[in-house]
Each structure stands twice: as structure tokens, then as C-alpha cells.
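Participant: Quick one: the structure is below, and I'll ask about it shortly.
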Amino acid sequence: MSQEKMKSATALTTARKSVVDLDGFSGFTDEAEGADDVIDTSSRVIIGQKLKFNDPRWLIGDVDVSGTLLTAFDVRRVVNKWSVDGKPLVTQILPPGEPWPDFKKLNEECPRSEWRPYYNGERGPWSGQNCLYLADENWTRYTWPSSLYTAGACVCVCELVDHIKFYRQRRGEGACPVVKLSHTLFSKTYKRNRADLPVQRWIMVGAERQELPAADTAVLASNTGAPADAQTIEPITLAEEMDDKVKF
């Protein structure tokens, strides 16, 4: 084997670590509770290229990537405290299953000098965001961070997570959806769209996968959406979906 082929094989091997260790879908919750402790943990949340939904387009920088197929493999809920000029002062990734802190209480405890202008009012420094992690067929990673203040994005993430939880109850914890970067109507009154990630098919990601390599380009080479070594799994039948199996 040539040295270049050995490097390629090593790169593919390093691209295979269990997603169960990284996976936040099963422990995802949109519940909130009172927060008594000061949050002071710093964590890295943007991995690879950053995706942005700007109605009605999905963008990486200035590149329109709407319609691209990607595999959703993880989600994290992130608590932030922001400076007046929009820089993150505190970042914490919540453990799976832990409710959101009481942002209203956290903000009320901060002096008004720490609040930022927001439209016709002000917004406190504490807020939350959902970070959805996706990968293409080369295990190039992408992150879609979305604020809890953005109602349409919250609906999109919660719908996808609910779909994943439902599917995994019937096909196993390693099941991941291949989704399409799309949009759907959110407000008829204001003619606004929200982000939408319709599932195109389901795959089973190998349990021996290593840490995924960071993305080094914003250009998506192809549009299969699933890694080459992923196994396609059968869709859920109507009987399974309705829990309507005949019992003897």
C-alpha cells in the first residue's frame, strides 16, 4: 500500500467513533427550571463549518447550500452569557436530560448595564441555543446554532428530535436521519418561512467510528448526504407507527 493510500485509510479509521458518546438526541429536553448555581463552564460548540438559515436560504458564509442532504448525528443545548457587544462571556453545554436554566431569573439578577439593545427594548445577557451537528458523505462536519428566541428554529429542532426519538425506539440508538436543508411556511400573516429539515432516509452509523475530522471547506462536493460506510435501515411501517400490531 502506498503512503498516500495509508494516509487515506488512517483518516477514514479516525473518522469512526461511537455517536452514542456524542449523541444528545436521546437526552434532549426543552424544559426549563429555576437556576440556583452560577454557570461558568466554557466549551467549544461550533464544529466545522457554520450553517445559517436566512429565510428562505441555507448559507455557509455567502454560499447558498439550500437543498443539500446531510446526516444529523448530534444535538447540544448550549447556555450563553453575552457581552453588550455580542461576544460570548460564558458558554456551557448542558448534560443530556438537564432542563434549561431559568433565563428570566438569571437576567433579572444582572445589572441593566449588561443588557443589550434589542429592537424596541432590551435583552438580558443570558440566553440559550440549540446546536445541531451534521456531516456529509466525507464526515465533514457542520454546525447549525439557533437561538431559543427564534421560534421557527426551535420548532424545527424539536420536530426533528421527536422524529429521531420515535425512530430509535424501533430501530436502535445508532439510527441517524439524512435530512434536506429546506424551509416551510411558518407565518401566513407575515409570509415568513422557518427552517425545515425533512428526513429523506435513515442510516445506521457504525459503533466503532472515531472522532470526526474538522471541516476544511465550505463547498459540499456531492449530495448523497450519508457517509459511504453507513448502513441504510428500513423505514418504519404504518403498523409500527400506529402501534397497531395484532397480538395473539
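Participant: If only one of ARG194, ARG171 is surrounded by fewer than 20 Cβ atoms within 10 Å (Cβ to Cβ) and under 21 Å from THR232 (Cα atoms), which one is it?
Facilitator: Being surrounded by fewer than 20 Cβ atoms within 10 Å (Cβ to Cβ) and under 21 Å from THR232 (Cα atoms) holds for just one of ARG194, ARG171, which is ARG171.
Participant: Can you say whether LEU132 is modelled with pLDDT of 95 or more, buried (at least 20 other Cβ atoms within 10 Å of the Cβ) and under 25 Å from CYS176 (Cβ atoms), as far as the supplied structure shows?
Facilitator: Taking the combined requirement at face value, the residue satisfies it.
Participant: If you don't mind, another one. Out of the strands (runs of 3 or more DSSP E) lying entirely within the range 28-93, which hold 3 or more residues that are modelled with pLDDT of 95 or more?
Facilitator: Those strands (runs of 3 or more DSSP E) span 52-54, 57-60, 69-82.
Participant: Residues that are exposed (fewer than 14 other Cβ atoms within 10 Å of the Cβ), of a type in the set (A, V, I, L, M, F, W, C) and in contact with a strand residue (DSSP E or B) (Cβ under 6 Å, 6 or more places away or on another chain): does the range 111-118 have at least one?
Facilitator: no
Participant: In the list ASP102, ASP64, which residue meets the criterion of being among the charged types (D, E, K, R), free of Cβ contacts under 8 Å to residues at least 24 places away in the same chain and more than 17 Å from CYS156 (Cβ to Cβ)?
Facilitator: Only one candidate qualifies: ASP64.
Participant: Might you check whether a residue that is of a type in the set (Gly, Ala, Ser), surrounded by fewer than 17 Cβ atoms within 10 Å (Cβ to Cβ), modelled with pLDDT of 90 or more and within 15 Å of the chain's Cα centre (by Cα) occurs anywhere in the range 175-183?
Facilitator: no
Participant: Right, something else. Which ones in the range 175-205 are out of contact with any Pro (no Cβ under 6 Å at 6 or more places or on another chain), touching a residue at least 24 places away in the same chain (Cβ under 8 Å) and either of a type in the set (D, E, K, R) or not in a strand (DSSP E or B) (or both)?
Facilitator: LEU181, ARG192, ARG194, ASP196, LEU197, ARG201, VAL205
Participant: Looking only at the range 118-127, decide whether some residue is closer than 22 Å to ILE203 by Cβ and at pLDDT 95 or above.
Facilitator: Checked the range 118-127: no residue is closer than 22 Å to ILE203 by Cβ and at pLDDT 95 or above.
The values are calculated or read from the model by the stated rules, or taken from the named source; none is laboratory data. Note that this is a predicted model, so its numbers are computed, not measured. No Cβ is skipped: glycine too gets one built from the backbone with ideal geometry, and neighbour counts run over all protein chains shown.
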